[in-house]
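To start, the structure under review is shown below, and the notes come after it.
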Amino acid sequence: MTITGEDIVNFIDKLIDKCIMLICILLALMCLYAMYDSYMIYYHANDSSIQKYKPTTTEEMQELVETMPDSTAWITIDDTNIDYPVMQGITNNDYLNTDPYGNYSLSGSIFLDSRNASDFSDPYSLIYGHHMDHGSMFGALDDYLSRDFFMAHRTGTLLVKNHKYQIDLFAVVETDAGVDTVFNPVSGEDIQTYIYEHAKYYEPHAEGKLIGLSTCATAGSTTRLVVFGILK
């Protein structure tokens, strides 16, 4: 059998067609995976099933700790989407991509700095959360860039095992993640002075233990948005 030049060309054409088809299939699969991945991130960030565990008393908070041993508190900021258990790991990476049930999740959990006392007895306690779309997790803190919103949403509660704190939010700060005064909550540096000098919005407040709610300002940036409050 003689193989002609035309046969070779036809073979190459068919091979190219199959390669193109294979590439198209791979691209389609990649798109489907990306869509699935985005859905799962959104699902975990908006999973309302956690609400069935929300405690209303210190006794119920103790029961939550039995269900989720790393939970230290439940934080609620009134009239926002912030209504979550507060986890605490051995390091600050433990709950960065882990949900309160201990499962892998890109949306992670709301978590207390690993250096802080779990009962919020420190003068300054720092809580982190991912900046998720649609106001999920700590994406809701974006609204505090509006002064009108800030002034209308300054209250909340923090329930720990032995106490129910009222939260009085008093300042909004945009700062760099490398600022030790803000992001080392046990450094002993004068965080109150830093807040006063760098706040976008600041309201006079009573004395008390300080709490910071921190999230990324934008994706891939070292800028952080931190809303500060007093525990009363």
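The values are calculated or read from the model by the stated rules, or taken from the named source; none is laboratory data. Note that this is a predicted model, so its numbers are computed, not measured. Cβ sites come from the backbone with ideal geometry, for glycine too, and all protein chains shown count toward neighbours.
Structure values in brief
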quantity	calculated
Within the range 82-107, tally of residues that are in contact (Cβ under 8 Å) with a residue 40 or more places away in the chain and in contact with a Ser or Thr (Cβ under 6 Å, 6 or more places away or on another chain)	3
Test set (1) surrounded by fewer than 16 Cβ atoms within 10 Å (Cβ to Cβ); (2) more than 14 Å from the chain's Cα centre (by Cα); (3) in a loop (DSSP other than H, G, I, E, B) - N93 fails condition number	(2)
Residues that are exposed (fewer than 15 other Cβ atoms within 10 Å of the Cβ) and of a type in the set (V, I, T), drawn from the range 74-90	I90
Checking P100 against (1) surrounded by fewer than 18 Cβ atoms within 10 Å (Cβ to Cβ); (2) outside any strand (DSSP E or B); (3) not small (G, A, S), the condition it does not meet	(1)
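So that you can scan it fast, the table gives a plain yes or no per residue for (1) modelled with pLDDT of 95 or more; (2) hydrophobic (A, V, I, L, M, F, W, C); (3) exposed (fewer than 10 other Cβ atoms within 10 Å of the Cβ):
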residue: T2; (1), (2), (3): no, no, yes
residue: E6; (1), (2), (3): no, no, yes
residue: I12; (1), (2), (3): no, yes, no
residue: D17; (1), (2), (3): no, no, no
residue: I25; (1), (2), (3): no, yes, no
residue: H44; (1), (2), (3): no, no, no
residue: V65; (1), (2), (3): no, yes, no
residue: T72; (1), (2), (3): yes, no, no
